[in-house]
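Input: a single structure, listed below in structure tokens.
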Amino acid sequence: MVQLRQQLVLELMREADVNTVQQIEREIFATPWPRNAYYRELASRASAHYVVLRQDGMVERPDGYRIADFDPTIIGYGGMWRMYDEAHVTTIGVRRDLQHRGYGRIIFAGLVQAAYDMGAKWVTLEVRTSNDNAMQMYEAFGFKVIGRRKGYYTDNGEDAIVMWSDSIHSPRFRKAYEANLERIEAEVRGLRRDLLTKGD
């Protein structure tokens, strides 16, 4: 089947999405969050922002996802907290069968967009030392390594690399963000490309 144009939408995660998000998370992470953690985050909309990247239209159910209510339109998900002037990325994931196609960049751009919307000044995150692809993507957004948390990941004791943005309102960060938006070839409803033309 030839797909001529992929229609994507980035939207707020709903409680109905949690089972699918958890199934994806179990597939790609050794230590997935418990279900009640997601419900708690979704109940804290003032300080927490969670999204799913969804493919519009009818989508075939992928192999390997067994739960009855698995939603095959969900490609991936991401989330962050806002604490004062800082937005902290808590999770980001893409279905294993759809990785390395640029979907992580779309989700991350949506989280940065939300950081602007929430009035944050900086964005921070942790990433596994072995996750070179993710680190390269974050560096392309203008993030820098500022430290290391020893034994941060409980499944295997792996260290976490701590990365931090410049002020997201600085010309350097905005230029990197705009360059990443230009690399997103798909049309994505919910991802605003006019964000940088507006004042702070």
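The values are calculated or read from the model by the stated rules, or taken from the named source; none is laboratory data. Note that this is a predicted model, so its numbers are computed, not measured. So basically every Cβ, Gly included, is an ideal-geometry build from the backbone, and we count neighbours across all protein chains shown. Areas reflect the complete protein model, heavy atoms only, side chains present, ligands, DNA and RNA absent. Shrake-Rupley method; radii C 1.70, N 1.55, O 1.52, S 1.80 Å.
Whole-Å semi-axes of region 42-200's equivalent ellipsoid, largest first, each the root of 5 times a Cα gyration tensor eigenvalue?
After diagonalising the Cα gyration tensor, the semi-axes are 25, 21, 15 Å.
May I ask for the Kirkwood hydrodynamic radius of region 14-120, worked out over all distinct Cα pairs and given in angstroms to one decimal?
Hydrodynamic radius (Kirkwood, Cα only) of region 14-120 equals 14.3 Å.
Tell me, what HN-Hα J-couplings in whole Hz come from the Karplus equation 6.51 cos²θ - 1.76 cosθ + 1.60 at θ = phi - 60° for each residue of region 47-54, using x for Gly and Pro?
10, 10, 9, 10, 10, 10, 9, 10
Please list VAL59, VAL9 in order of solvent-accessible area, largest first, computed with a 1.4 Å probe with all protein chains present.
These residues rank, largest area first, as VAL59, VAL9.
Using just the alpha carbons, could you tell me how many Å³ per residue the convex hull of region 28-86 encloses?
Values: hull volume 7.6 nm³, N = 59.
About 128 Å³ per residue, rounded to a whole number.
Before rounding to the nearest 500, sum -39500 (n - 2.57) across all DSSP H runs of length at least 4 in the chain and divide by the residue total; then give [θ] at 222 nm in deg cm²/dmol. Provide the component values of the computation, followed by the final result.
Details: 5 runs with 56 residues, N = 200.
Calculated from helices alone, the mean residue ellipticity at 222 nm is -8500 deg cm²/dmol.
Write down Rg/Rh for region 117-200, rounded to two decimals, with Rg from the C-alpha atoms and Rh from the Kirkwood relation over Cα pairs.
1.04
If packing is taken as the average count of other Cβ atoms within 10 Å, what order do 41-54, 133-146 fall into, highest mean first?
Highest mean packing first, the order is 41-54, 133-146.
Would you check the accessible area of GLU182, probe 1.4 Å, heavy atoms only, in square angstrom rounded to 10?
140 Å²
Taking every alpha carbon pair in region 79-143, what does the distance histogram look like in 5 angstrom bins from 0, in percent?
Taking all Cα pairs of region 79-143, the binned fractions are 4, 16, 29, 27, 15, 7, 2, 0 percent.
Ranked highest first by the average count of other Cβ atoms within 10 Å around their residues, in what order do 105-117, 81-93 fall?
Per-residue mean Cβ counts within 10 Å order the peptides as 105-117, 81-93.
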